[in-house]
Structures are given as C-alpha cells and as structure tokens.
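Okay, structure first, notes after.
The values are calculated or read from the model by the stated rules, or taken from the named source; none is laboratory data. Worth saying up front: this structure is predicted, and the values here are computed from it rather than measured. With ideal geometry, Cβ positions are generated from the backbone for all residues, glycine too; neighbour counts draw on all protein chains shown. Each accessible area value is taken on the protein alone, full model and side chains, heavy atoms only, with ligands, DNA and RNA left out. Shrake-Rupley method; radii C 1.70, N 1.55, O 1.52, S 1.80 Å.
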Amino acid sequence: MSDSTPQSNWRTFVENELNTIRPILAKRGYSFSAEQPHTKGERFLMKNITTTSGEKLILLGADKQSNRVVIKATRDETGKQELEHERKCRALLQDIDFSYTSFDAPKEVAFWSESGYMFAIQNYVDQACNFLDRSLEEQFIYALNALNTQAGARITTNSHLKKVGSVFGIRKSSDYIRLLNAFITSLQQRQVAPEILATVESVLTTFKKEKLRIEQYCGFLTHTDFVPHNFRIANNIMYLLDWSSLEFGNKHESWARFLNFMTLYNPQLETLLIDYIDKNRSFEERESLQLMRLYRLCELITYYANTLTSSSDDLLELNQVRVYFWHNVLKAELQNKRVDRSIVARYQNTRDKLRSSGEKERQRNLH
C-alpha cells in the first residue's frame, strides 16, 4: 500500500523539485547543499493550508565564489506572483514619499525565469547571533525600532492610497471583522470545542463594538508575520527577509504578532514592550494593540485547528494541544492579563516531547 499522506507527498515534491532545479542552477553557477532544514519538519503543513502564497522552496546555497546565498524557486503560478510581489514591495518602499524611515533588504543577486520555474537569489545575511540570544536590552531596542519603522509609513491622502493600493494589501476595520467571521466558520467546520468557539465569537462581538478604535489606527504599514525568523541582524542593521507579508492595516497588527510570539520565547521582552506602550503611548493605542492581539490569537487557534486533518500521530496530538494552549492565552488577553507561566511551561514541555527531529532542526535555523 502506498504511503500517501500530506507529509509524504511533501517529501516527494521536494525531492523531485530539487532534482529538477539542480542542473538549472548549476548552469548559472549556483548550488545548494544536500541538507535543507527549511524543507523539513512541519513545513509541509504550511504548504497544505496556506491560501495566500504558492508552493515554493527556500534553499540555502552558494555561488561559484562560495558566497552564501538564499535561493527561492517555484513553478507554481501563485508562487511566482508572490516572488514578483516581493520585488514590487521592496522597490516601492524604497521610493514612497510618505515614509519617514527606510527598510533594509538582502541584496538581490539574480532573478530569472527558466524551464517553467522562477528563481530569486539573494545574498545570505550572516548574523553574529540569533535574535533571541541577544541581551534583553538589545532585543527591546531592535524590536522597538523595527516596529516604529513600519509605523513610519502611513496612508494619509488619496495620492498615498493610489501609490500603494495596486501593490500592497490594505485592511480596514471591516476586513478584520470579515476575517474573524471566516475564522469562526472554519472553527465550526473543524468542530472545535464549544468553549473555544464561544471565546472567538466573543472577540468578534468586541470587534464590532470597537470598530472605530480599530479604524483609528488603520492605514499604517504593518508586517503580518513580524517574528525573528523573518529578519536577520548584521552590523547593527536589521534586514527584513519576508517582504510578501507587508500590508497597510492596523498599526498594531505587527506588534500583536511579535508579542504573541514572545509569550512563548521571551516573556520579559513581551512585558517590556507592553510597559513601553502603557507609559509612552495613548490609552487609545493601548486599546488598539489589545484588540489586535485578540485578533491574531484567534488566527493562531484557527491555523492549528486547520492543521488537524493533515496531521497524524505525535503531530496530531501536538496540534490539538496547541489549539487549547492558544485558547488559554486568548482567555487571559481578553482580561488584559498575561497567561499564567505554569500553563506556558507545561505546553513547552509537551511541545518539546512531541516535536519531530526534523522540526527541531528547522526551528533552530528559523530563530
């Protein structure tokens, strides 16, 4: 009997793609190593449930001078659109006249289409240490500067809207409400526990009541996946790696994503950033941030609920645990409290036991 599971299908896909693109890259002087951590572990789940991006491989490689590079390759039409979109985002953000700050990106060294594939190759940014290995003070400064940099670009006129509207996604309060409705529909289809569904529905009710507050801080540049694996720091410069996740929306959406990540990985930094907002920003901004945290937590719960049909064995158990863990975080945040650290510790212990060796390797390379 053939082994046909989402994970085995992904492994076959990766092997076939690597064999096909190896000679294409070699003709241009590029190679990649046999071990590719970014194709391992739970990467197959992202392929199966993500609807906003196409199938693509992100590979670590080198040019003929042995300079390290990152190779993005795809033959999927949506994947090609994403690579082209990233280029447009980088170009426009270097040029827009309503941003008070600039963004740094790894240098693009090649971009071409051949044999049905599209390739984007960038210099590899070698950082002295991972973000989470830096001192708390350094993490705070880099994170705050990056978040403020994003907020430096804001749509305030129709000319601004025309300039970015054709390139970036633009979210308003009605879009966040629409997305929460979609989360609820998805959770109903996955038949999650009634308590979880009720909590997410309560967030939707809150969003409808606080529509004006959400709209008040829309129109800002934000990164929907602003976490350490999407940037690297070298020579005191932060390089943004993922440009496809930039959009104009609520100012605090990237803050929320970053804080939710730090709930697990550095609660001290989470506390510092929240304290900074409490002491240095208006009460209205603090409300907006809290609303965005609720929204992003509902998204996390939905994400992991959607993985259950593509998971099995230890991974299925782990993703079930994740759904309940992020629900506990959401319940705490609804009271504007941080989740009890004993809940986090229990989850981390379970996660580390159930994670595959491939996923542990992928995580080491991510952060």
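Quick look at the values:
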{"quantity": "Residue-averaged 222 nm ellipticity for the chain, from DSSP H runs of 4+ at -39500 (n - 2.57), nearest 500", "calculated": "-18500 deg cm²/dmol"}
{"quantity": "Probe 1.4 Å, all protein chains present, accessible-area order of 83, 197, largest first", "calculated": "197, 83"}
{"quantity": "Heavy atoms of residue 225 accessible to a 1.4 Å probe, total area in Å² rounded to 10", "calculated": "40 Å²"}
{"quantity": "The chain: DSSP helices with Cα axial extent of at least 27 Å and average Kyte-Doolittle hydropathy no lower than -0.5", "calculated": "283-307, 313-334"}
{"quantity": "Options 140, 345, 70, ranked by Cα towards positive dipole end of the chain, top entry (Cβ charges)", "calculated": "140"}
{"quantity": "Net charge dipole size for the chain [Lys, Arg +1 and Asp, Glu -1 on Cβ; Debye, nearest 20]", "calculated": "220 debye"}
{"quantity": "Most positive-pole-ward Cα, 191, 111, 327, against dipole of the chain from beta carbon charges", "calculated": "111"}
{"quantity": "Distance between the stretch 265-299 and the stretch 300-314 - C-alpha centres, whole angstrom", "calculated": "27 Å"}
{"quantity": "Around residue 202: net Lys/Arg minus Asp/Glu count, Cβ-Cβ under 13 Å", "calculated": "-1"}
